[in-house]
Amino acid sequence: VSFCRLDIDIHKNIPHVHLHEKRENKDHWHGAEIQVIIEGNWTTHRSKILHYMRQMAVITPYAQFLFRFISDAADKNLTIRFARRTD
């Protein structure tokens, strides 16, 4: 299994790879898991981020997305699951 940690320069659309390594795959897992940390003003950009996630779910019916917003205030946390729509 490949493991990569990177950041993306969104102005130049260039990735900066911080870590790329092969890890043992004892469970014979296949697929892709992507975790993204987005830094910014959630209050201002919430609707745009959620709209983008909905668009991603529409154009990739074979994928499942789990979106989590984790706030300093637990009552403001948000989790949305975009389910896989095809086999």
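For the stretch 20-63, a residue qualifies if it is over 16 Å from the mean Cα position of the chain (by Cα), surrounded by 10 or more Cβ atoms within 10 Å (Cβ to Cβ) and assigned to a loop (DSSP other than H, G, I, E, B), and exactly one does: Asn25. Pairs linking a residue in the stretch 1-29 that is at negative phi to a residue that is assigned to a loop (DSSP other than H, G, I, E, B) and among the β-branched types (Val, Ile, Thr), with Cβ atoms under 8 Å and 6 or more positions apart or on different chains, are Lys22/Val1; Arg23/Val1; Glu24/Val1; Asn25/Val1; Trp29/Val1.
Readers should treat all values here as calculations from the given coordinates under stated rules, not as data from a laboratory. Every value quoted in this text rests on a predicted model; they were computed, and no experiment measured them. Glycine also receives a Cβ, built like all others from the backbone with ideal geometry; neighbour counts cover every protein chain displayed.
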